[in-house]
1. What strands (runs of 3 or more DSSP E), lying completely within segment 219-337, carry at least 3 residues that are under 27 Å from residue 77 (Cβ atoms) and of a type in the set (Val, Ile, Thr)?
2. So, in segment 197-221, of the ones that are among the hydroxyl-bearing types (Ser, Thr, Tyr) and crowded, with 20+ Cβ neighbours inside 10 Å, which residue ends up farthest from residue 168 (Cα to Cα)?
3. Would you pick out the residues in segment 318-334 that are within 26 Å of residue 81 (Cβ to Cβ) and free of Cβ contacts under 8 Å to residues at least 40 places away in the same chain?
4. For segment 109-161, enumerate the residues that are under 26 Å from residue 77 (Cα atoms) and not hydrophobic (A, V, I, L, M, F, W, C).
5. Considering each residue of segment 110-136, count those that are of a type outside the set (Ser, Thr, Tyr) and assigned to a loop (DSSP other than H, G, I, E, B), and give that number.
6. Give 155, 138, 183, 163 a once-over and let me know the one that is touching an Asp or Glu at 6+ places or on another chain (Cβ under 9 Å) and under 17 Å from residue 56 (Cα atoms).
7. Out of segment 189-226, which residues are touching a Lys or Arg at 6+ places or on another chain (Cβ under 7 Å) and within 22 Å of residue 7 (Cα to Cα)?
8. Being at negative phi, crowded, with 24+ Cβ neighbours inside 10 Å and either touching a residue at least 60 places away in the same chain (Cβ under 8 Å) or not assigned by TED's automatic domain parsing to the domain that holds residue 391 (or both) narrows it down to one of 231, 242, so name that one.
Amino acid sequence: MVQGVVIEQGHIVDTNPATGAVIQRVRVSTPAEIDAAVAAARTAQPLWNARPLHERTELVKQACAALAGKRQQLAKLITAEMGKTLAESLEEVDDNIDMSAYCDLVQQANAPEVDGGSLIVRHPHGVVAVCAPWNYPVEEIVLLCVPALIAGNAVVVKPSEVVPLSSGLVVETLRDALPSGLVNLLQGDGEVGALLTGHPLVDMVGFTGSTATGQKILNTASKTLKPVVLECGGKDPMVVLEDADLELAAHDAVAYSLANCGQVCCAVERVYVAASVAADFEDKVKAEASKWKVGDGVDPETTIGPMASRMQRDIVHSHVTKATQAGARCVLGGELPGSSERGNYYPATVLADVPHGALRDEETFGPVVALSTFDGSDDTAVALANDSRYGLTASVYSSDLKRAGAVAARLAAGQVGVNTNPLSGVRSIRCPFVGHKESGYGTHSGFDGWRQFSTPKSLIYAEAPADDAVPAVAKRDRRGPAVPPVAALLAFGAGVLITLAATRRRA
């Protein structure tokens, strides 16, 4: 049971976190339907992979563009199911409609390479199970399905039971825009997810969610050495050195702690501030956080919607209570609404003087800015920031870029921002998204991540073949990056291979 979602008589009871009202009862997929979805994907995949890479890429672009026709419906469903503001929901949908530049890069990642007399091509895994989270019901499905599909795989998607309608609409839109059987949808809880990820005809798993669930998937996959990509939890630190732009740092500390009601795997959850500027920084953070208004996500004045569930709200409040009992000061928020108030609301909360060990290893996943002080030394900042079982993102703020860069390089995280959050708009879409330690397994996005959805295969020629003799999978698409013919590229190294082969025969 994720986030306290109720399953009754084989149906997900989908509820609105702002009102508690039932939106719809969504039927849970049966074991027979799981088998049928995987079988359909397995049938469709070889035909899909037989299409040229550029053709697969163009069709996937068109499938993402089809989300434009569902823009308003999708955004309203996201807000109704998990609570984020309508503005945040619209932004998420819009960010995943025009995926042309992204798809072009995924195509490049899957293009064949030439090394001497050898060709390195990409071989798809086959059927990829995609298990997506509830906090970004459009983005996470798209970011896992796009590289899987362009690489030549078919997909079976199991969204979170918290957002069955919005995620389901995304999958159905992609499904209807692509060849039959290529994209498949299952609904249900962890039991359905376990049957899917452990299915003998599933060749790979792409997952975004909690570390605990990721560990279960990895354990299941290990039995058949099934490849997995896991993007898991975080307890992400932000370091504010004494020479930082405090206005900028305070704004970012609040924005990246409270956005999406703090329900982001790479939210800022620990802020370490040099003691010499801590008081000033606390005042600025409190003033900034005070601007955030809690309310129903459909209200245009709202900047923090309800939490996805009452269970998650209770977890957040327990963390706030734990911190204050350990000596932290609550300088803003931190109180549950009255018992008569509907909705899973929690106020923007600022904690100061949080002891380092109080909230070090548990994801709060809520609208809390947790401030701790340190002695100002770079070594202490690095030690505190790295003292966690997680390592997803981090950030460092200082007016001395050389110093900030040196600190950033020492942080054990997959992506580190310098005077910005690593997920800000300045981040290149070529950057991989990877978790260190217990924040992930494998790589999500970037060339390293996109290539995880296929396996390299080497074709080694004793002599350079004519261009028309090169297998279709090994040919660079003429509609892709301009390159010489494969046979011409092979010719340079072929003589060496032929000579070596002849030497071996003579020996």
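1. It comes to none.
2. Initial filter on segment 197-221 (among the hydroxyl-bearing types (Ser, Thr, Tyr)): 197, 208, 210-211, 213, 220.
In the following step, the residues that additionally are crowded, with 20+ Cβ neighbours inside 10 Å were identified as 197, 208, 211, 213.
Working: 197: 18, 208: 16, 211: 24, 213: 21 Å.
The selected residue is 211.
3. 318
4. 133, 135, 136, 137, 139, 140, 147, 158, 159, 160, 161
5. Counting residues in segment 110-136 that are of a type outside the set (Ser, Thr, Tyr) and assigned to a loop (DSSP other than H, G, I, E, B) gives 10.
6. Numbers: 155 fails: touching an Asp or Glu at 6+ places or on another chain (Cβ under 9 Å); 138 fails: under 17 Å from residue 56 (Cα atoms); 163 fails: under 17 Å from residue 56 (Cα atoms).
The unique qualifying residue is 183.
7. Within segment 189-226, 192, 193, 196 qualify.
8. 231
The values are calculated or read from the model by the stated rules, or taken from the named source; none is laboratory data. Keep in mind that this is a model prediction, so the values were computed, not measured. Counting neighbours? That spans all protein chains shown, and the Cβs are built from the backbone with ideal geometry, glycine included.
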